[in-house]
Amino acid sequence: MAPRLQLEKAAWRWTETVPPEAVTQEHIEAAYRIGLEPCQRGACRRNCRGNPNCLVGIGEHIWLGEIDENTFHNIDDPNFERRKKNAFVGLTNLGATCYVNTFLQMWFLNLELRQALYLCPVARPECVTAAKKDYEPQTICEHLQYLFALLQNSKRRYIDPSGFVKALGLDTGQQQDAQEFSKLFMSLLEDTLSSQKNPDVRDIVQKQFCGEYAYVTVCNQCGRESKLISKFYELELNIQGHKQLSDCITEFLKEEKLEGDNRYFCESCQSKQNATRRIRLLSLPCTLNLQLMRFVFDRQTGHKKKLNAYIEFSELLDLGPFMEDKASVFVYELSAILIHRGVSAYSGHYIAHVKDPQTGEWYRFNDEEIEKMESKKLQLGAEEDLEPSKSQSRKPKCGKGIYRSRNAYMLVYRLQSREKSLAVELPAFLQELVDEDNSRFEEWCHEMAEMRKQSVARGKVKHEEVKELYQKLPAKAGCPYDFVSLEWLQQWLDESTPPKAIDNTGCLCSHGKLHPDKISTVKRVSEDVADYFYKRYGGGPRLTVKALCKDCVVERCRVLRLKSRLSEDYKAVCNLLKAAVKGSDGFWVGKSSLRSWRQLALEQLDDSDEDTEPSNGKMNGDAKEREEPSAEKGGEEEELKFNEDIVCPHGERGWGGGNDGTLTWF
C-alpha cells in the first residue's frame, strides 16, 4: 500500500477539477477512501493507517490458526506451588529477611531442637482447638512450633514466616547483622524456655548449643593460676591473616602476655605482675557454632567491611588436641554452612547449605528455592558473589573432604555419633493445624484450577468468535458498512485486554459525523459484524454510510481549490512586481501587506477549515454551536487586515508618498 501522505493526496485529487457546488456522493466516498482495495494478509508488514479497508496487522495474527490453551490465561499452574515428594519446604523472603530464613532452615534440621519445641505446651490450648482456621501463635515458642510443623508436613512448596518475623519485631525492609541476630535469638529462646517444667524442653538450648571455657591467668612471679569460667553458644573466630580454620582456632586459644600497663593484679602477690592469659576449652556442645568474623570495623572509613579472604575447613573437625580432657573424643562433622553472597557488609544475599541428618544429603536453601546436591556431596560452586570484586582472587583447589569459601560466615559442626538419627513426629494438635492449612491450600489450588479452566473456556470461545468474525469483517463492495474505531478493534483482538464499549466520539466532526481527517483512526467493516459488535459490547455513535459528512467534504474542496488558486496567484504577483508600472493607473500597497498577503490569505483559509473540528460527540447536527469570536479576538483579526499598515486614523492613505519605504506603487 502507498504511504499515508500519497493516499491523502489521492483521496482529494478530484478537487482539482470539481468545484464545491458540484460535489457528488462519488466524490465524498473518494474523500473517505471507500474504494481503496483491502490489503491481503502478508502483503504489508504493518497496518496501513491511511486505508480504512486494511484490516491486516491490527492484532489478528494471534487468533488465526491453532493456539496453545495456555495463552488464554495468565494464571500459573497451582500445582507448581505444591511441594514435591521428599522435598523440603522453602520460606518466603519478605524483603530483606533471607538471613532469618537461613537460620530457620538450619534450626529446623536440628532434630533435637525440633522435638523439644514440639513438646513445649501452648500458652492457651483452648485457642488452638476453638479457632484452627484463624490460629495465631502467642509466644516465640509457639511461632517456632507452628513454623516447624509447616516445614515438616505442609503441602506447600514454600510457606510465609511473617508471623514469626513480626513477633520478633524485625524490620522486613532492612537487613540486620546476621551474626548478632543468631546470638540474640538464642538468648531469647533460652529465656523463653527457662520456665518450662520438662527438662528436655527447658534445657534444650544448653544441651545443644552451650559449651564452657575458662579464661586462665597465670602469674609469672608466683605461678598462681586463676580461672574465670564462662558459657558460650558460639565461638567467634578471627579470620584476618589466616587461611585455615585450624589456624583461626589456634589463635582463639593462644596465650596472651599481660605486661607493662596491662599487667595482672595477683591476689597472692598483692601487686601487679607480669602474667599470661589463655582460653581453655572445658566442654563442647553437641552442635558447635563457629562464627567466622567476616564483618569487621574499618577504622579508616568508620564503617563495617567484609573480609573476602578464602578460609579452608574440613568435613571432619577434631578438637581433641585443643581440649584439656584427652580421654574423650571430640570429632565433629560439618552439618551446615551459612553463606553471605556479596562484597559489601551492608548488602547482599544469604543462603544456607545444610545436611539432612536423616539421609546425609546436602541441600542448598535459598528462600523459596531449595536444591538438592548430587551424590551427597557439598557443592559451594553456586555461592559466587552477587557483585564480584575487581580484585577477586582465584579459588584454590581442594582435596577430598576439604572446602574453601570466601563467603562463609558461620560453620556448624555436629558431634559425630553412631546413634541413629531421631524420628520426630508431630503432636496431634500441631498436625491438626497443618491439616487445616493444607485444606486451605487445596481449596486455593482448586479455585486457581477453576479460574484457569474458565479462562481457557472464554479464550476458546473468543478464538472461535474472532476466527469467524474476522473472515466477515471486510465490507464487500456495494454492501452496507460501518466505521469502527481502530483502537477498539485492537482491544477486541488483544487477549490481555477485555474490550469495553465502542467509543467513536473522537472521530466526529463539528456536524456530528465522521471527520474526513479521522479516517486513519477508523476501519470500515461490514454492517453485519458491526451489528454483532454493538449488540454484544454496546457503545457508539454508529458511523454508517450516513456518517459521511458532505459539509466537511465540500468545505475541504473549497479550501483546497482556493489554496491551489492562491499558489497560482502568488506566482502571477511575483511576475507582475518584476515589471515597471507605467502611468498613474495603479494602487498603493503597504510593503508589509505585500510581503505577507499570501500568509494572511492562508490563515483565513485555515480559519475556515477549522469549522470542521470534531464535535462533542453528538450526531446529525445536534452538536453544540461554535462560540462566536470574542471582541478581543475580532480586534486581533482586524489588525491583520490587508493594507492596514498604510491607512491613517481617518481611514485614508497616510502621508509619505512612498518615499519613506512604507508604500509601493502597484
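At a glance:
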| quantity | calculated |
| --- | --- |
| Set Lys155/Lys453; Lys166/Lys306; Lys453/Lys523 screened for pairs whose C-alpha atoms are more than 25 Å apart | Lys166/Lys306; Lys453/Lys523 |
| Förster radius 30 Å - calculated FRET efficiency between Gln138 and Asn238 (Cβ-Cβ, nearest 0.05) | 0.15 |
| Residues listed by number, the stretch 418-439, amide nitrogen under 20 Å from Asp200 label point at 7 Å toward C-beta | 418-432 |
| Dipole moment magnitude, nearest 20 debye, the stretch 250-360 about Cα centre, only Lys, Arg, Asp, Glu C-beta charged | 520 debye |
| Under 24 Å from Lys400, Cα to Cα: lysines that are on another chain or at least 8 residues apart | Lys243, Lys355, Lys372, Lys376, Lys377 |
| Charge dipole (the stretch 446-556, unit charges on Cβ, about Cα centre) - positive-most of Val554, Trp492, Ser510 | Val554 |
| Extension reserve of the Asp76-Ala423 stretch, reckoned as 0.36 nm per residue once the Cα distance is removed | 121.3 nm |
| Order of Ile337, Ile62 - criterion: other Cβ atoms within 10 Å of each residue's Cβ, fewest first | Ile62, Ile337 |
| Zone residues, the stretch 20-57, relative to Ala477, backbone N less than 19 Å from point 7 Å out along Cα-to-Cβ | 25-41, 51-55 |
| Residues Cys574, Cys44, Cys98, sorted so that the one with the fewest Cβ neighbours within 10 Å comes first | Cys574, Cys44, Cys98 |
| For Val522, distant residues with modelled amide H under 5 Å away | Leu486 |
| Label-point separation in nm, Leu415 to Glu568, each point 7 Å along Cα→Cβ | 11.3 nm |
| Estimated FRET transfer efficiency (Glu432, Arg536; beta-carbon r; R0 56 Å; 0.05) | 0.65 |
| For a label point 7 Å along the Cα-to-beta-carbon line of Glu259, residues of the stretch 209-229 with backbone N under 16 Å | 218-221 |
| Potential lengthening between Glu371 and Lys400 on full extension [0.36 nm per residue; Cα-Cα distance subtracted] | 8.2 nm |
| Förster-model FRET efficiency, 30 Å R0, Ser268 and Ile229, C-beta, rounded to 0.05 | 0.95 |
| Inter-label distance, nm, simple model (7 Å from Cα along the C-beta direction), Val456/Ala123 | 4.8 nm |
| Residue order, fewest to most surrounding Cβ atoms within 10 angstrom, among Leu5, Leu119, Leu319 | Leu5, Leu119, Leu319 |
| Most to least packed among 298-305, 466-473, 347-354, 137-144 [average Cβ atoms within 10 Å] | 347-354, 137-144, 466-473, 298-305 |
| Normalised contact order of the stretch 459-536, rounded percent, pairs of Cα under 8 Å and 6 or more residues apart | 42 percent |
| About the Cα centre, charge dipole magnitude for the stretch 482-578 (Lys/Arg +1, Asp/Glu -1 at Cβ), debye | 600 debye |
| Proximal charge balance of Tyr213 [Cβ under 13 Å; K/R count +1, D/E count -1] | 0 |
| Net charge of neighbours whose Cβ lies under 15 Å from the Cβ of Ala423, counting Lys and Arg as +1 and Asp and Glu as -1 | -2 |
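Since every read-out is calculated from the coordinates, none of them should be taken as a lab result. As the structure is a computational prediction, the values presented were derived from the model and not from experiment. Note that we place each Cβ from the backbone using ideal geometry, even for glycine, and neighbour counts take in every protein chain shown.
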